[in-house]
Amino acid sequence: MERFVGRRALVTGAGKGIGRAVAVALSRAGAHVVALSRTQADLDGLQKECPGIQTLCVDVGDWEATEAALNKVDDIDLLVNNAGIALLQPFLEVTKDAFDRSFSVNLRAALQISQIVARKLIARGAPGAIVNVSSQASQRAVLDHTVYCSTKSALDMLTKTMAQELGPHKIRVNSVNPTVVLTEMGRRNWSDPQKAAAMTSRIPLGRFAEVADVVNSILFLLSDQSNMTTGVVLPVDGGFLVS
């Protein structure tokens, strides 16, 4: 069903995993997609899969480069802030570089890119939808994830404050908060059966999320089917956060 015909969408972190799948799904649903990644080879592969997708290679952790790149992009109606990194360190070993890099990519980039997109939407009096990709780790402490958990908690609050201030302009803002997702990286990081069992035992549905589970939630929040939904932090976690 081509429910995004005539819409222009920007997806960050679109080279791999969830971001790539969202970009492909939006394109197949009729949107004109701008896929942003810091890795040109990933973007080249994406464009071969979906030739209609426009690609943009930039490191969103670089404020000036991101602003310059997005100034060349036409108006955007839908934004998915998916770019993120996980630099895992025990609390007592957290470094300044890991802290600064994590917050610049996981939080500051979402703020900056949303500002750019929202300002253009407001200037032309158009409605819009923004989805921030957060994590269940925003609400549960995880060993060695001090900085990652902190960035995602901050991203959830950014979602809520954006929803409050942008709502009068008919711009909806929500986040999705997945459990472990079985991307290529997710499968690799959770390949140890004992480690995986310790986590899935805390998930009422008894499994990790497939990429499609997260993509479907993102597309719902971008679509007109959720046009009375804003400021929501939506768990896609099989019930992990209720236990």
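The values are calculated or read from the model by the stated rules, or taken from the named source; none is laboratory data. Note that the structure is a prediction, hence the values are computed from the model and not measured. Glycine also receives a Cβ, built like all others from the backbone with ideal geometry; neighbour counts cover every protein chain displayed.
For segment 193-234, which positions are touching a residue at least 40 places away in the same chain (Cβ under 8 Å) and not in a helix (DSSP H, G or I)?
Arg202, Ile203, Ser223, Asn227, Thr229, Thr230, Gly231, Val232, Val233, Leu234
Of the conditions (1) under 16 Å from Glu165 (Cβ atoms); (2) in contact (Cβ under 8 Å) with a residue 40 or more places away in the chain; (3) part of a helix (DSSP H, G or I), Asn106 clears all except one; give me its number.
Against the list (1) under 16 Å from Glu165 (Cβ atoms); (2) in contact (Cβ under 8 Å) with a residue 40 or more places away in the chain; (3) part of a helix (DSSP H, G or I), Asn106 comes up short only on (1).
When you look at Leu111, is it surrounded by fewer than 18 Cβ atoms within 10 Å (Cβ to Cβ), touching a residue at least 12 places away in the same chain (Cβ under 8 Å) and either among the hydrophobic types (A, V, I, L, M, F, W, C) or assigned to a strand (DSSP E or B) (or both), yes or no?
When the stated conditions are applied, Leu111 passes them.
A quick yes/no check of all residues on (1) of a type in the set (Phe, Trp, Tyr); (2) at pLDDT 95 or above; (3) more than 30 Å from Asp74 (Cβ to Cβ); (4) surrounded by fewer than 17 Cβ atoms within 10 Å (Cβ to Cβ):
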{"site": "Lys120", "(1), (2), (3), (4)": "no, yes, no, no"}
{"site": "Cys149", "(1), (2), (3), (4)": "no, yes, yes, no"}
{"site": "Met162", "(1), (2), (3), (4)": "no, yes, no, no"}
{"site": "Glu210", "(1), (2), (3), (4)": "no, yes, yes, yes"}
{"site": "Leu221", "(1), (2), (3), (4)": "no, yes, no, no"}
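Looking for whichever is out of contact with any Pro (no Cβ under 8 Å at 6 or more places or on another chain), surrounded by 19 or more Cβ atoms within 10 Å (Cβ to Cβ) and of a type in the set (Asp, Glu) here; the options are Asp75, Asp42, Asp59. Which one fits?
Asp42
Could you tell me which residue of segment 53-103 is nearest to Asp42 (Cα to Cα), considering only residues that are basic (Lys, Arg) and free of Cβ contacts under 8 Å to residues at least 24 places away in the same chain?
In this case the residue turns out to be Lys72.
If I filter segment 194-207 for residues that are surrounded by fewer than 16 Cβ atoms within 10 Å (Cβ to Cβ) and under 18 Å from Ile18 (Cα atoms), do I get at least one hit?
Yes, because at least one residue in segment 194-207 is surrounded by fewer than 16 Cβ atoms within 10 Å (Cβ to Cβ) and under 18 Å from Ile18 (Cα atoms).
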